[in-house]
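The structure appears below as C-alpha cells.
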Amino acid sequence: MKKLIYLTLLIIAFVSCDGRDRAYMSNEAILKEDNLFKAFSQELHFIPEAPVEIVTDTLLSSGFHVKINYHSTDNNPVVYSKRNKHDSINYSHYKNFEANIVISKNEKSIVNSSLNKTLFNTFENADFWDKAIMQYVWINQEASADNYIQIHTAFHIPETEIYKDFILNIDENGALEIKEYNMTPKTI
C-alpha cells in the first residue's frame, strides 16, 4: 500500500512539472526570465560576408608593371551597433582592407609593399583611422607619365558620408609622394 501511495505521489509530481506556468508566456518573457534575452536578441552581420580578393596586373606603355592584390582582412574590424524597434541590438562588423603592391619598371623591381591605413595616419586624427576602412585602390593611367605612376585610394567611415581620397605618386626610383585629394562640388 505504501508503494502505491509513493507511486501516486511520484506520478502527481511529474504531471505537475509540465511547464503550464510558461505555456502562455511569450518567448521574449521566457528568455528574460532565464536571463538569456540579450544573447538571443543580438544580430551579427559581417560586411563583406566572405573574404574578398581583387587582383589586377597592369602593364603600361611607359614600362611600368603594376600588380595590386586588394583583399579583406580579419584584423581589427570596425564594429557598429544599433538598437532596433524590438529592443534587440544589431552589430555590423566591417572588415578592413589592404592592398599588396608590386611595381617594376623595365623588369627592375621598384616597390614591393603593403598599402593600408597606417601609411596615411599623418593626414587625419586617430579617431578617423579607428573607424575608417579602405574602399578601393586603382591606377590612374591617364595621370601617370613616363617617369612616375599615379595610384588612387580612398578611405570611408561606414554608415556615414565621411571619406578621404589620396593620390600616391611613385617615381621610377621608388620614391613615394602622398597627397590628399579634395573633391569640391562644381556649382553652375
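Quick note: the coordinates plus some simple rules give every number you see, no bench work behind them. The structure presented is a predicted model; accordingly, all values stated were derived computationally and were not measured. Reconstructed Cβ throughout: ideal geometry from the backbone, glycine too, with neighbour counts over all protein chains shown.
Once the Cβ-Cβ distance between residue 121 and residue 88 is put in as r, and R0 is 35 Å, what FRET efficiency do you end up with, to the nearest 0.05? Provide the component values of the computation, followed by the final result.
Working: r = 36 Å, r/R0 = 1.02.
It comes out at approximately 0.45.
Going by the alpha-carbon gyration tensor, a ≥ b ≥ c the square roots of its eigenvalues, is region 55-97 rounded (a/c under 1.5) or, if a/c is not under 1.5, prolate (a/b greater than b/c) versus oblate?
prolate
Show me the ranking of peptides 92-102, 165-175 by mean Cβ neighbours inside 10 Å, starting with the highest.
92-102, 165-175
How much FRET efficiency would the formula 1/(1 + (r/R0)^6) give for residue 50 and residue 162, where r is the Cβ-Cβ distance and R0 is 30 Å, rounded to 0.05?
Taking R0 as 30 Å, the efficiency between residue 50 and residue 162 is 0.70.
How much length is gained if the chain between residue 74 and residue 13 is pulled fully straight, taking 0.36 nm per residue apart and subtracting their Cα-Cα distance, in nm to one decimal?
Details: separation 61, 0.36 × 61 = 21.96 nm, distance 5.31 nm.
Length gained, residue 74 through residue 13: 16.6 nm.
With the Cα gyration tensor of region 60-188 in hand, convert its eigenvalues to equivalent ellipsoid semi-axes via √(5λ) and list them largest first in whole Å. Don't skip to the end; give the middle numbers.
On the way: eigenvalues 219, 61, 28 Å².
Working through the eigenvalues yields semi-axes of 33, 17, 12 Å.
Compute the distance in nm between two label points, each set 7 Å from the Cα along the Cα-to-Cβ direction, one at residue 181 and one at residue 154.
For the pair residue 181/residue 154, the computed spacing is 0.9 nm.
Between residue 142 and residue 25, what is 0.36 nm times their sequence separation minus the Cα-Cα distance? Round to one decimal in nm.
35.4 nm
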